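Participant: Before I ask anything, let me first share the structure, which is written out below as structure tokens.
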Amino acid sequence: IKLSSSTTTTKRITPLQLYKSILQNEGILGLWAGNGANLLRVFPAKSIVFSSNDFYRGVAHTLYFGNDVDNNNNNYTTQQQKQQLPWMLSFLSGGLAGMTASAATYPLDLARGRITGKLAGPGGKKHYKGIVNTVLITAREEGVRALYKGVTPTLLGAMPYEGIKFGTVGMLERAFPKSSTGEEQGGVLSNNIIRKLVFGGAGGVSAGLLTYPNDTIRRLLQLQGSKGTTEHFDGYFDCFRKTYAKYGIERFYRGAFINIVRMAPNTAIQFGSYELLKQMSEGYF
């Protein structure tokens, strides 16, 4: 619904109208169109973004605080200490992690955008029929380079999006530090997960709201040249100019409400799950 809302070139359609149109033309399964591509993309993308963020945070911590050893050459860097990075360094670490993940998984993101950004016509006829079909058709009809259409705004958008998300979480962790009172291990784990759920949800909403116009532009760039799309743009700024001239500023925020509603639980679960899995796997890796 979010992608269809942000990429449709017809008159403004409400989320309820989109639901009705999808159910009529595609059936209930149409609400999960592109979910396979999304799941295939999410697994490597999120694993890369979280692991890269930990790596970049470690580098930033070393550069900002110095070597992580005391006078006896003992490592004293703890997870609690790493969470005390200034907000701007958390922003930079998250931004670099987002760009790393986006660059590594972009063709999958384009495939998902094309599958979910196209409403089926009467009779349920779809322009694309799965990940492999989308990639093959795109490469055959538009060339291999077409698999990277919209990569520039995606990479540029990944920096502020992931930066704001991780930066907000880092800022909240500094503002509301963990309790150091004696708690049982189970209670500590539970509290850590709840903190990550709340902070992650706040970070996702903030990032989604502030970077949504860029997300709209990159989706429009991804869809150009695809079946059923007639609009053509000569790059990022041409897309912005033509879209603004034709539809006005509201076009860049079409689907923003659905996106915010989606981002709160989405990012909350991401951060909460990552914290849970990291805690459970300590000592195994």
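The values are calculated or read from the model by the stated rules, or taken from the named source; none is laboratory data. Nothing here was measured: the structure is a model prediction, and the numbers come from that model. Backbone-built Cβ (ideal geometry, glycine too); neighbour counts: all protein chains shown. Accessible surface is based on the protein model in full, side chains and every heavy atom, while ligands, DNA and RNA are left aside. Shrake-Rupley method; radii C 1.70, N 1.55, O 1.52, S 1.80 Å.
Participant: Hand me the list of helices (runs of 4 or more DSSP H) wholly inside the stretch 69-172 holding 3 or more residues that are open to solvent by 40 Å² or more (accessible area, probe 1.4 Å) and modelled with pLDDT of 90 or more.
Facilitator: By residue number, 87-116.
Participant: Let me ask you something else. Does the stretch 226-245 contain any residue that is under 18 Å from the mean Cα position of the chain (by Cα), open to solvent by less than 30 Å² (accessible area, probe 1.4 Å) and in contact (Cβ under 8 Å) with a residue 40 or more places away in the chain? Show your work before the answer.
Facilitator: Pass one, the stretch 226-245, residues under 18 Å from the mean Cα position of the chain (by Cα): none.
Taking every residue of the stretch 226-245 in turn, none turns out to be under 18 Å from the mean Cα position of the chain (by Cα), open to solvent by less than 30 Å² (accessible area, probe 1.4 Å) and in contact (Cβ under 8 Å) with a residue 40 or more places away in the chain.
Participant: Right, something else. Here's a check for you: in the stretch 258-284, which residue that is more than 16 Å from the chain's Cα centre (by Cα) and of a type in the set (A, V, I, L, M, F, W, C) is farthest from Ile194 (Cα to Cα)?
Facilitator: Of everything passing the filter in the stretch 258-284, Met280 is farthest from Ile194 (Cα to Cα).
Participant: Now a separate question. Based on what the data block shows, is Gly255 touching a Ser or Thr at 6+ places or on another chain (Cβ under 9 Å), at pLDDT 90 or above and crowded, with 21+ Cβ neighbours inside 10 Å?
Facilitator: Details: touching a Ser or Thr at 6+ places or on another chain (Cβ under 9 Å): yes; at pLDDT 90 or above: no; crowded, with 21+ Cβ neighbours inside 10 Å: yes.
Taking the combined requirement at face value, the residue does not satisfy it.
Table: residues versus (1) within 26 Å of the chain's Cα centre (by Cα); (2) hydrophobic (A, V, I, L, M, F, W, C); (3) at pLDDT 85 or above; (4) at positive phi.
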{"site": "Ser5", "(1), (2), (3), (4)": "yes, no, no, no"}
{"site": "Thr14", "(1), (2), (3), (4)": "yes, no, no, no"}
{"site": "Gly36", "(1), (2), (3), (4)": "yes, no, no, no"}
{"site": "Leu40", "(1), (2), (3), (4)": "yes, yes, no, no"}
{"site": "Ala45", "(1), (2), (3), (4)": "yes, yes, yes, no"}
{"site": "Tyr56", "(1), (2), (3), (4)": "yes, no, yes, no"}
{"site": "Leu63", "(1), (2), (3), (4)": "no, yes, yes, no"}
{"site": "Gly66", "(1), (2), (3), (4)": "no, no, no, yes"}
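Participant: Is it the case that Leu209 is of a type in the set (A, V, I, L, M), open to solvent by less than 40 Å² (accessible area, probe 1.4 Å) and within 23 Å of Leu155 (Cβ to Cβ)? Break it down into steps so the answer makes sense when it comes.
Facilitator: Details: of a type in the set (A, V, I, L, M): yes; open to solvent by less than 40 Å² (accessible area, probe 1.4 Å): no; within 23 Å of Leu155 (Cβ to Cβ): yes.
Judged against the criteria, Leu209 is not a match.
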